[in-house]
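Working notes for the structure below.
The values are calculated or read from the model by the stated rules, or taken from the named source; none is laboratory data. Keep in mind the model is a prediction, meaning the values are calculated, not measured. Don't worry about glycine lacking a Cβ; one is built from the backbone with ideal geometry, like all the others, and counts go over all protein chains shown. Calculation scope for accessible area: heavy atoms of the full protein, side chains included, ligands and nucleic acids excluded. Shrake-Rupley method; radii C 1.70, N 1.55, O 1.52, S 1.80 Å.
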Amino acid sequence: RAAFSAFVKAREVPAGAAGAVWWCCCRQTFRERGGIHRHVGTQHGAELHGVGTGTGTGTGTGTGRGEAQRGAAGPGGGTELSEELPDTRHLGPAELQSRAGEVLLYYCYCEVRDPEKLCTWQRALCEHLHLTGKVRVASEGINGTVGGSKVATSLYVEVMLSQPLFKDILCQDDFKRSAGGAHCFPDLRVGVFKEIVPMGIDPEKVSYKETGIHLSPQEFHREVEQYLSQANQGQSDTILLDCRNFYESKIGHFQGCLAPDIRKFSYFPSYVDENLELFKNKRVLMYCTGGIRCERGSAYLRSKAVCKEVYQLKGGIHKYLEEFPDGFYRGKLFVFDDRFSICSNEDVISACRYCGTLWDQYKLCSSQHCRQLVLTCPSCRNKGLTACCPVCQEKELEVTSRASGQTLKEECECTKRRPRVPVERISRGMLDAGK
């Protein structure tokens, strides 16, 4: 009993009200004592003896960063990588290569001793299961989005969960699923990188272990509801922050959010630096597609020590829409594959680049030298308006290439027009109104 109490106590975090506490553990925030008790009893029974005697592997530090604590206590401290592949001899080609399937999105922060070895195994696993997609491996963990038949993706999840490297870190709920398949990606790309999400900041300087407080979709929904209610009354001390890129938030976002006009996540740190006054003494509710950008983004924002507190949506928009398809998120969810977007409601919140009619289906710019994304409705496409800007439209039939024959990606008119890091000029009244 003493071990149980100590384990729970170590996960307490201030809840805002004087003397009130929540509990953070395993990527979850618990607001009721019964919830944390059930979680500890079912998920951490084997650890309790060690906590009581001071010789175990308990991960609580009292910092309130449940996700970070879990990652810090991960497999880097001594767990080796299993390179086994699943037995698929009982499966026919059609079961593994069916076009009808799904796309998985997941990430796992943990200490990886040998990223190259993990990369080699991950590539072999995906090829074995006929999966396509993108997987980033680093010494700080793994981040992947892969597509294939449902049999193949189910086997992939099963193998990942049984992998000793991810033991007690990854769980079924960490895999976000959507309709799709191997055809959603042009090929398979697996590589070793410095970061598993490219923010451009050394993980040694800003670590995922210093992330914000995770809120479940239900908790985040309640927070957004309260935020919108207070904002309408001009009383909000909260910012609802979308940390995705402008073309993602353009076709779908939470009501009342602040969506930075940035092209890449690597611009996010500079955006924060240029707009620190905006976040001063504010509670920040952050969200992104699947949760991974919030891990590093919230850690960076917290490192500036200007906010009251930083919270983030566990599982990202993906998990929120599973539970609240008609909630406070309106429009489509942008995804980084050939589908470009998935939907949960019928709202269209963006417009055709040429005629202004409501439209939210992205296509690639038709100019070979550019290939940026453009919103152009069927009517305008039938008129030949298929490029992202007039400059690209003029160059559409030209092929600009290097001596080697590789196509150039030059910056076109609409790219040059967009500042690299916009400075938000938002009045206090607009913030209070939730705009």
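Inclusion of residue 214 among residues that are under 30 Å from residue 114 (Cβ atoms) and modelled with pLDDT of 95 or more is warranted. From the residues in the stretch 303-316 that are touching a helix residue (DSSP H, G or I) at 6+ places or on another chain (Cβ under 6 Å) and closer than 19 Å to residue 219 by Cβ, which one is surrounded by the fewest Cβ atoms within 10 Å (Cβ to Cβ)? It comes out as 307.
Of all the residues in the stretch 118-160, those that are within 14 Å of residue 103 (Cβ to Cβ) and part of a helix (DSSP H, G or I) number 7.
The residues in the stretch 164-180 that are modelled with pLDDT under 95 and in a loop (DSSP other than H, G, I, E, B) can be counted, and the count is 5. Going by the conditions given, is residue 306 among the β-branched types (Val, Ile, Thr), over 17 Å from residue 250 (Cα atoms), assigned to a strand (DSSP E or B) and touching a residue at least 24 places away in the same chain (Cβ under 8 Å)? Here the answer is no, as residue 306 does not meet what is asked.
Checked against the criteria, residue 327 does not count as among the small types (Gly, Ala, Ser), part of a loop (DSSP other than H, G, I, E, B), open to solvent by less than 50 Å² (accessible area, probe 1.4 Å) and within 20 Å of residue 200 (Cβ to Cβ).
Please find, among 100, 94, the residue that is out of contact with any helix residue (DSSP H, G or I) (no Cβ under 9 Å at 6 or more places or on another chain) and either at pLDDT below 95 or within 30 Å of residue 310 (Cβ to Cβ) (or both).
Details: 100 fails: out of contact with any helix residue (DSSP H, G or I) (no Cβ under 9 Å at 6 or more places or on another chain).
Exactly one of 100, 94 is out of contact with any helix residue (DSSP H, G or I) (no Cβ under 9 Å at 6 or more places or on another chain) and either at pLDDT below 95 or within 30 Å of residue 310 (Cβ to Cβ) (or both), namely 94.
Would you mind stating whether residue 119 is modelled with pLDDT of 90 or more and within 30 Å of residue 12 (Cβ to Cβ)? Judged against the criteria, residue 119 is not a match. Scanning the stretch 181-199 for residues that are farther than 20 Å from residue 119 by Cα, part of a helix (DSSP H, G or I) and touching a strand residue (DSSP E or B) at 6+ places or on another chain (Cβ under 7 Å) gives a single hit, 184. Taking the conditions (1) of a type outside the set (S, T, N, Q); (2) assigned to a helix (DSSP H, G or I); (3) open to solvent by 20 Å² or more (accessible area, probe 1.4 Å) in turn, residue 202 satisfies each one other than (2). Tell me, please, whether a residue that is open to solvent by less than 30 Å² (accessible area, probe 1.4 Å), modelled with pLDDT under 90 and outside the structural domain of residue 180 (by the TED database) can be found in the stretch 349-362. The answer is no; no qualifying residue exists. Taken over the stretch 131-163, the residue count meeting the criterion of being open to solvent by 50 Å² or more (accessible area, probe 1.4 Å) and either in contact (Cβ under 8 Å) with a residue 60 or more places away in the chain or not hydrophobic (A, V, I, L, M, F, W, C) (or both) is 8.
What do you reckon, is residue 218 open to solvent by 10 Å² or more (accessible area, probe 1.4 Å) and of a type in the set (S, T, N, Q)? Criteria met by residue 218.
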